[in-house]
1. Take LEU175, LEU54 and sort them by solvent-accessible surface of the protein heavy atoms, 1.4 Å probe, largest at the top.
2. Once every DSSP H run of n ≥ 4 in the chain is given -39500 (n - 2.57) and the sum is divided by its residues, what mean residue ellipticity at 222 nm do you get, rounded to the nearest 500 deg cm²/dmol?
3. When a/c reaches 1.5 or more, the comparison of a/b and b/c decides; with that in mind, is the chain rounded, prolate or oblate per its Cα gyration tensor?
4. Projected onto the charge dipole of the chain (+1 at Lys/Arg Cβ, -1 at Asp/Glu Cβ, origin at the Cα centre), which of ALA123, ILE189, ILE55 gives the Cα projection farthest towards the positive end?
5. Given the protein chains as shown and a 1.4 Å probe, how many square angstrom of GLU197 are accessible, to the nearest 10?
6. Any chance you could look up the accessible area of SER174 with a 1.4 Å probe, heavy atoms only, rounded to 10 Å²?
7. Using the basic label-point model (7 angstrom from Cα toward the beta carbon), what is the ALA148 to MET61 distance in nanometres?
8. Given 0.36 nm per residue, what is the gain on full extension from MET2 to PHE87 after removing their alpha carbon distance, in nm?
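The values are calculated or read from the model by the stated rules, or taken from the named source; none is laboratory data. None of the values given here were measured: they were computed from a predicted structure. Neighbour counts are summed over all protein chains in view; Cβ atoms, including those assigned to glycine, are modelled from backbone coordinates with ideal geometry. For the accessible areas, the whole protein counts, side chains as well, though only heavy atoms, and no ligand, DNA or RNA atoms are used. Shrake-Rupley method; radii C 1.70, N 1.55, O 1.52, S 1.80 Å.
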Amino acid sequence: MMEMLLTFALTVFTGFFAIMNPIANIPIFIGMMEGRDKKAQRAIAKTATVTAFLIVVFFVMLGKYIFQIFDITIPSFKLAGGVLIFFVGFNMLQSKKKEQKGVDENASDDGIAISPLAIPILAGPGTIVTAMNYAAEATYLQIGIIIAIFALITYMTFVAFMLSDTIVKKMGNSLIKVIGKIMGLILAIIGTGMAVEGIKLAFGLKA
């Protein structure tokens, strides 16, 4: 039982870390924080990460009810979600930057923190789909593990944002890009696995 929970926790951590990618999001954060002092940066980072956490927890807690309301089956969700996550990873491998359309440099700190930083950069469709996939058939204990791990990931993201200048100086943009590509590959693999699992469930196929 304990071994199964540890395996589940490691799988959830890997998935969330790959799609949230605290390190690869640092250049985006630095670009958006231009002209703002450390106090403002801290406030924005805190608001963004807390907002992203609350959004994902909402979908984790209510995912099953959302499935029931919209009559979504587990196989169809896993297939569609797997395809979506695969393309998120594929775009990362192709070095396609996350869109920041409509970002106003003069926008309020709270405005930037919520959109686009919290949504869709941190809690985008890929993150939400990943969370709902893990929670779809999870027990209450597993749901607690999912929330705890996502809390850890969002905290790691906050710390990465606060240490962004130092991390860039130490690692350099090239290494950060390499990490981004590795995370993209992991996401593509996770997405493929989800899609294959969805097909197997839909057609009653065995491994």
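1. On the way: LEU175 80, LEU54 105 Å².
Sorted descending by solvent-accessible area, the residues read LEU54, LEU175.
2. Details: 8 runs with 156 residues, N = 207.
One gets -26000 deg cm²/dmol as the mean residue ellipticity at 222 nm.
3. On the way: a/c = 1.87, a/b = 1.68, b/c = 1.11.
Prolate is the answer for the chain, as a/c is 1.5 or above and a/b outweighs b/c.
4. Farthest along the dipole direction, towards plus: ILE189.
5. Its heavy atoms expose roughly 80 Å² to the probe.
6. 90 Å²
7. 1.8 nm
8. Details: separation 85, 0.36 × 85 = 30.60 nm, distance 3.34 nm.
Difference between extended and current length: 27.3 nm.
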